[in-house]
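What follows is a single structure, written as structure tokens, with notes after it.
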């Protein structure tokens, strides 16, 4: 495993719909980071229950605020910016010598929280970055309806 930060898209909520590459990376991970609300297990972490190897180090990235403040509030914006900046430094420090797998529901670049870390890490260019696509959650919704999305 090469040192760096690898974000894996986990798909629409069914572990059977993860890509083969995402599954391989999750099962082989020694360091896993995931987003969650304070006091909650985190949906991405729940998706990989039973897949992580014993002894895998876990890094829950707990949002400082979610729905408590309006999203356009300066306090909300400031707290989240500080949160992403802090985790960027933490992940970068670990990723200099280890591979860190960041779990993301759906696809990391489609409204995934990882986008905010990715842009910061990319600008710093201090560690290797990789993003493994995932099936976006809305695709799972299309299939649940039983109707092709392009037919109306």
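Being within 16 Å of residue 95 (Cβ to Cβ), in contact with a helix residue (DSSP H, G or I) (Cβ under 7 Å, 6 or more places away or on another chain) and not in a strand (DSSP E or B) is the filter here, so list the residues in the range 2-38 that pass it. Break it down stepwise before answering.
First, the residues of the range 2-38 that are within 16 Å of residue 95 (Cβ to Cβ): 2-8, 25, 28-34.
Keeping just the survivors that are in contact with a helix residue (DSSP H, G or I) (Cβ under 7 Å, 6 or more places away or on another chain) gives 3-8, 31, 33-34.
Within the range 2-38, 3 is the sole residue that qualifies.
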| remark: Checked pairs for the range 140-152, first within 20 Å of residue 105 (Cα to Cα), second outside any helix (DSSP H, G or I), C-beta under 6 Å and 6 or more apart or across chains, list as 140/12
| request: Name every residue in the range 39-55 that is touching a residue at least 40 places away in the same chain (Cβ under 8 Å) and outside any loop (DSSP other than H, G, I, E, B), in order of residue number. | output: 43, 44, 45, 47
| request: Residues being part of a helix (DSSP H, G or I) and under 12 Å from residue 129 (Cα atoms): count how many of those fall in the range 89-103. | output: 3
| Out of 69, 2, sole residue that is in contact (Cβ under 8 Å) with a residue 60 or more places away in the chain, more than 13 Å from the chain's Cα centre (by Cα) and either farther than 17 Å from residue 118 by Cα or surrounded by fewer than 18 Cβ atoms within 10 Å (Cβ to Cβ) (or both) | 2
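Is it the case, given these coordinates, that residue 127 is assigned to a strand (DSSP E or B) and touching a helix residue (DSSP H, G or I) at 6+ places or on another chain (Cβ under 6 Å)?
Values: assigned to a strand (DSSP E or B): no; touching a helix residue (DSSP H, G or I) at 6+ places or on another chain (Cβ under 6 Å): yes.
Here the answer is no, as residue 127 does not meet what is asked.
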| Tally time: how many residues in the range 7-33 are surrounded by fewer than 22 Cβ atoms within 10 Å (Cβ to Cβ), touching a residue at least 60 places away in the same chain (Cβ under 8 Å) and farther than 22 Å from residue 97 by Cα? | 4
| task | Return only the number of the condition from (1) at pLDDT 95 or above; (2) in contact with a strand residue (DSSP E or B) (Cβ under 8 Å, 6 or more places away or on another chain); (3) within 26 Å of residue 123 (Cα to Cα) that residue 66 does not satisfy. | result | (1)
| query | Among the numbered criteria (1) on the phi > 0 side of the Ramachandran plot; (2) out of contact with any helix residue (DSSP H, G or I) (no Cβ under 8 Å at 6 or more places or on another chain); (3) surrounded by 14 or more Cβ atoms within 10 Å (Cβ to Cβ), which single criterion is violated by residue 55? | reply | (3)
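The values are calculated or read from the model by the stated rules, or taken from the named source; none is laboratory data. All figures in this text were calculated on a predicted structure; none of them were measured in a lab. In this analysis, Cβ positions are derived from the backbone assuming ideal geometry, glycine residues included, and neighbour counts consider all displayed protein chains.
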